[in-house]
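Heads up, the thing below is written out as structure tokens.
A short reminder: the numbers here are calculations on the coordinates, not readings from a lab. Quick caveat: nothing in here was measured; it's all calculated off a predicted structure. All Cβ positions, even for glycine, are placed from backbone atoms using ideal geometry, and neighbour counts span all protein chains on display.
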Amino acid sequence: LCMGHVRLGLLPRSKAWKEVVGLIAAGADVPQVANATISAAETAFSFVMNDLGYTEAVWLMTQLAIAAKKPDILAHLNSAGISLPRDATLPDVTTAISEALDRATDASGKRSDLGELAARALTGAVIETLSPKLHSLFPSDPDTMRAALSTLGKQKEFGEFSRGFFARLANESLQYFLSKSLNTHLGEGMRFATMNQKAQFDSALQTHTREASLIVEKFSAEWFSKHRFEESGDISRKSSNGFAGYALKKMKDELKAGARSDAR
């Protein structure tokens, strides 16, 4: 497995990664393991901020919200690369987002594992945000989807949408780096004696990243409101890329701080 120029197979030979392995074997709690994992993969987490797949996912997230206040939501989304039929369903939306991300990464020739994780995080956040407003994957009324999409333009709604994205991205990224080590600690006499015990750890990690993402929610909501106002109802790629870098840093710092506060 690789993420750009970072290969998972090389990490266990580093001193930092041995600390992760040791913590898992010793039964350390999730915050400690998450913190050590980020430290061991620091180069990758820094590299993430300039990853095209990641920055494109954040850009599309902002455009989904910006479109909500436009006279024609679907026309604006189409201009951003998300082409939807007038009677779009939720699968149509997630498919269109995935296709837009694929076109951007294919055109650049810079496809990465991180980009794939970001794509999954974005479509997951879209499903989580829109599903409660649709009551069905296939709404019969064409206006239902447009009404659901229009809520993304609200400050509070964008904060929650963004939080869902970063929580998923953090969890997927940590699992990406941990997968190899966790699997070697499964079995009788090991950290995880059963698959159920490992599943409990995975669930706890998901909860941990979800709780850590709270710090991004308020920041995202305020950032979105401020920049949409300053940019006359739009958000530029430059602004979006700046947001992508800073929000990820806040998320990373919060996950590291979680281990320190947990230890006190």
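By a straight-distance test (C-alpha under 23 Å), which lysines pair with Lys198 as possible cross-link partners, with residues fewer than eight away in the same chain excluded?
Lys18, Lys180, Lys256
Testing the spin-label approximation: label points 7 Å from Cα along Cα→Cβ at Asn196 and Ala80. State their distance in nm.
Using points 7 Å along Cα→Cβ, the separation is 4.4 nm.
Does the stretch 53-99 classify as rounded, prolate or oblate by the C-alpha gyration tensor (a ≥ b ≥ c root eigenvalues; a/c under 1.5 gives rounded; else a/b over b/c gives prolate, otherwise oblate)?
Because a/c hits 1.5 or more and a/b fails to exceed b/c, the stretch 53-99 counts as oblate.
How big is D, in µm² s⁻¹, for the chain by Stokes-Einstein at 4 °C and 1.567 mPa s if Rh is the Kirkwood radius over C-alpha pairs?
67 µm²/s
Report, by chain and number, residues whose modeled amide H sits under 5 Å from the one on Asp87, excluding near sequence neighbours (fewer than 5 apart, same chain).
none
Across all directions of projection, what mean area in square nanometres is found for the Cα convex hull of the stretch 96-250?
With every direction weighted equally, the projected area is 11.5 nm².
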